[in-house]
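In what follows, a single structure is set out as structure tokens and then discussed.
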There are 2 protein chains.
Amino acid sequence: MDLWFTEYHTQNACFSIKVKKQVVSLESEFQRIDVFDSYDFGRILVLDGYLMLTEKDEFIYHEMITHVPMAVNPGIRDVLVIGAGDGGVVRELTKYESINRIDMVEIDKLVVDVCREYLPRTSCRLDDPRVHIYYENGLDFVVRKDKEYDLIIVDSTDPFGPGEELFTRVFYANCFKALKGSGIMVNQHESPYYPNDALAVQKTHKHIKSVFPIALVYQAHIPTYPSGHFLFGFASKGLDPVANLDAGWDSLGIETRYYNTGLHKGCFALPNYVKELLD
Amino acid sequence: MDLWFTEYHTQNACFSIKVKKQVVSLESEFQRIDVFDSYDFGRILVLDGYLMLTEKDEFIYHEMITHVPMAVNPGIRDVLVIGAGDGGVVRELTKYESINRIDMVEIDKLVVDVCREYLPRTSCRLDDPRVHIYYENGLDFVVRKDKEYDLIIVDSTDPFGPGEELFTRVFYANCFKALKGSGIMVNQHESPYYPNDALAVQKTHKHIKSVFPIALVYQAHIPTYPSGHFLFGFASKGLDPVANLDAGWDSLGIETRYYNTGLHKGCFALPNYVKELLD
């Protein structure tokens, strides 16, 4: 049978993945949630029709959003993760014995339930004793926090739908407040290639730059995201992601398939057209 | 009307571009040649059903295959370009006043004729007086050359069809012979993501490494190529692409939309899974 999942990157460009079957399809209070078994990408998670992860390349996203900040400050103990219902960020964070607490705030409990059942490769560490899951709005949660976290990872969906609020200046200002003095915030920053995504990149970066003294952008190759050229934001109260890269990270013995400290330095060097977009 | 060009990246994954019309479709002695007008990517060139370039992002490929070697050795005078019928590499090379001669060897004259007529943005500098076009097989041409070039750029199609020979050890050995003492060879090196492409990457790198004392790989984000994660090979008789990066490149005033010297250093830092593929 020919059964294809198609994501439109624009009205005039799309990427299609042949699937074996639809594993589950549910409608939560917030969004439609689908899981498919695909031929080439393993299981894939789709929210409101947008591809969120594939088992084939989720390691790239999750390693890059987690190990870049962790390698800058080995003193990170308290971490807040916003979104990230699939558990991939938590899986990477639990590789660090030095972390004491991981608070995860996910608006949609059904995403977590679905991932626990159907995506064990990402959700496998959600029961680590250091992990506390709060099912609520990320902005409401962070508003109540003051200098509590060393690191905030914003692993949201796109800047429309349930994740929209997590791209606002108000949200970033509250993240700043919730961070300790050496705090770092990392966020998924969309792609610079297609015009609509590029506008989101621009707006998001402007907001973050208006709140944090250090606000940089780094890139990764994530083939199943639109254009495959994906950006992350690195913002901090003072730590520079390259100058402050911890020389001891390699000796931690953390296994990664994408991230390494050479790449860490390289990924902050952006193409001219992306730099112009951000300026 | 809904008219879509689709390229299969594997049997189970494809990328589709909505087109306004087919501008031309011809069959040469070597391959089928199509040009389409698309909505989001400008004109696109398709050879034997494979997307070769789009006007929207060809600058990434052409800048990265040209300026990386040019910035390593400002003394480059004699350049051999193999393939490159669309003229994009020549366009970038002619930005250097220091270059004396550009020999371009393209097996398929009809590709050049089509690009001259329908893709002026890439073919615009093919009439530069320093450019000499030879319509013949790249291997046959390079076999006759001895220590004649400072730089060879291999801008071939994929490692099957008319470009197959340009991925063999014999070809690379003849490129080595055709290069002067400080010679550099750069080639398009496919993508590491999909299994078949990854095998080609591995085989190509092994061949080049067996011929050149310096053989490295660098990467770029080219959204319309399979996976968007594209590799280039940098091989030389002695020059190291990062250690020997010329500090004077920025002062040349060459305008680029992707390449810059910061990115030059960053693009040689590869993800772990790519490094493992190459080892």
Taking the stated definitions as given, is B:LEU45 under 30 Å from A:TYR273 (Cα atoms), out of contact with any helix residue (DSSP H, G or I) (no Cβ under 6 Å at 6 or more places or on another chain), outside the structural domain of B:MET185 (by TED's automatic domain parsing) and at pLDDT 95 or above? yes
In the set A:ILE60, A:ILE33, A:ILE65, A:ILE44, which member is at the interface with another protein chain (Cβ under 9 Å from one of its Cβ atoms) and either in a loop (DSSP other than H, G, I, E, B) or on the phi < 0 side of the Ramachandran plot (or both)? A:ILE60
The strands (runs of 3 or more DSSP E) lying entirely within the range A:133-250 that contain at least 2 residues which are surrounded by fewer than 17 Cβ atoms within 10 Å (Cβ to Cβ) are A:179-188
Scan the range B:218-272 residue by residue and report those that are more than 7 Å from chain A (Cβ to nearest Cβ) and basic (Lys, Arg). B:LYS237
Within the range A:251-274, restricting attention to residues that are in a helix (DSSP H, G or I) and within 20 Å of B:GLY228 (Cα to Cα), which residue is nearest to the chain's Cα centre (by Cα)? A:HIS264
Only one residue in A:ASP140, A:ASP158, A:ASP150 is touching a helix residue (DSSP H, G or I) at 6+ places or on another chain (Cβ under 8 Å) and either of a type outside the set (S, T, N, Q) or closer than 18 Å to A:GLN219 by Cβ (or both), so which one is that? A:ASP158
Report yes if some residue within the range B:9-23 is more than 17 Å from B:LEU119 (Cβ to Cβ), in a strand (DSSP E or B) and touching a Cys at 6+ places or on another chain (Cβ under 6 Å); otherwise report no. yes
If we keep only residues of the range A:186-217 that are among the hydrophobic types (A, V, I, L, M, F, W, C) and closer than 21 Å to A:ASN73 by Cα, then the residue farthest from the other protein chains (Cβ to nearest Cβ) is A:VAL211
Among the residues of the range B:217-224, is any touching a residue at least 40 places away in the same chain (Cβ under 8 Å), within 23 Å of A:TYR194 (Cβ to Cβ) and among the β-branched types (Val, Ile, Thr)? yes
Matching option when the condition is under 20 Å from B:TYR258 (Cβ atoms) and aliphatic (A, V, I, L, M), among B:ILE82, B:ILE65, B:ILE33: B:ILE65
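The values are calculated or read from the model by the stated rules, or taken from the named source; none is laboratory data. Keep in mind it's a predicted model, so treat the numbers as computed, not measured. Counting neighbours? That spans all protein chains shown, and the Cβs are built from the backbone with ideal geometry, glycine included.
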